Every structure is written in structure tokens, then in C-alpha cells.
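Notes for the one structure printed next.
The values are calculated or read from the model by the stated rules, or taken from the named source; none is laboratory data. Since we're looking at a predicted model, the values are computed, not measured. Virtual Cβ from ideal backbone geometry, glycine too; neighbours counted across all protein chains shown. Heavy atoms of the whole protein, side chains included, go into the accessibility calculation; ligands, DNA and RNA do not. Shrake-Rupley method; radii C 1.70, N 1.55, O 1.52, S 1.80 Å.
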Amino acid sequence: MEVPCPACGKTISVTEPVGRRDTCQVCGADLHVCLHCRHYDTSAYNECREPQADRVVDKDRPNFCDWFHIRTSGDPSGKTDPKAKAKAALEGLFGKK
């Protein structure tokens, strides 16, 4: 499948499951890290929305999590700015002046 690299944003080809040693073909970034997982959420307990996943301390290092699925859309960094999100939603409703 073709997905944007969570680190550099370039389109890369990956196959599920993504292995612990898999890297981006463009920038060489490790892919099997919490920051690149679709379950990663800074507002969730242990920063993971998967309740059965074991706690991973180093979110930016490769790990052995069995619940890992590469992020296929959204912010590639896994981080969201609540102010920017709210502002975009309001501008969508009322239009930008």
C-alpha cells in the first residue's frame, strides 16, 4: 500500500504488518514506532488508544508492539494542535474574513 512517510511526508510503499526493522525508502526513518502508529494519541492513557497494548516508554524508537498499524492519513507527526483544529473548524463554519 502507498502511504505518506510519517517522518518526511513523501509517499512510500509499505506492506502490513510493518516490521520492527522496516524503514522509509526515502529518509531512512524507522517506521514501527509509536509516533507513526494510527493508535498513537497524546490525549489517551499511555498515549495509545489501543487498550490491550503494552506500555512503550520511548515513543520514537522501534518496538515490538503487536497492535501497530502505520498511520495512513492525518498529521504525520501524530501530534494535533487543538487551537489550530478549533480555528479551522470555526473558519469552515463562518468563513474566513
Considering only protein heavy atoms and a probe of 1.4 Å, how much of the accessible area of the chain is carbon and sulfur, as a whole percent?
51 percent
Could you work out the helix-only [θ] at 222 nm for the chain, with each DSSP H run of four or more residues adding -39,500 (n - 2.57) and the total divided by the number of residues, to the nearest 500 deg cm²/dmol?
-4000 deg cm²/dmol
The FRET efficiency for residue 60 and residue 25, from their Cβ-Cβ distance with R0 = 25 Å and rounded to 0.05, is 0.80
Rounded to the nearest 10 Å², what accessible area does residue 61 show when all protein chains are kept and the probe is 1.4 Å?
140 Å²
Which one of 26, 93, 5 is farthest out on the positive end of the charge dipole of the chain, using unit charges on Cβ (Lys, Arg +1; Asp, Glu -1) and the Cα centre as origin?
93
For the stretch 5-67, what value does the Rg/Rh ratio take when both radii are computed over Cα atoms and Rh is the Kirkwood radius, given to two decimals?
0.96
For the chain, report the accessible area per residue in Å² (1.4 Å probe, heavy atoms, rounded to an integer).
72 Å²
So if each residue of separation counts as 0.36 nm, and I subtract the Cα-Cα distance between residue 90 and residue 43, what length gain in nm does that give?
14.7 nm
Taking the Cα centre as origin and putting +1 on Lys and Arg beta-carbons and -1 on Asp and Glu beta-carbons, what dipole magnitude results for the stretch 12-79, to the nearest 20 debye?
60 debye
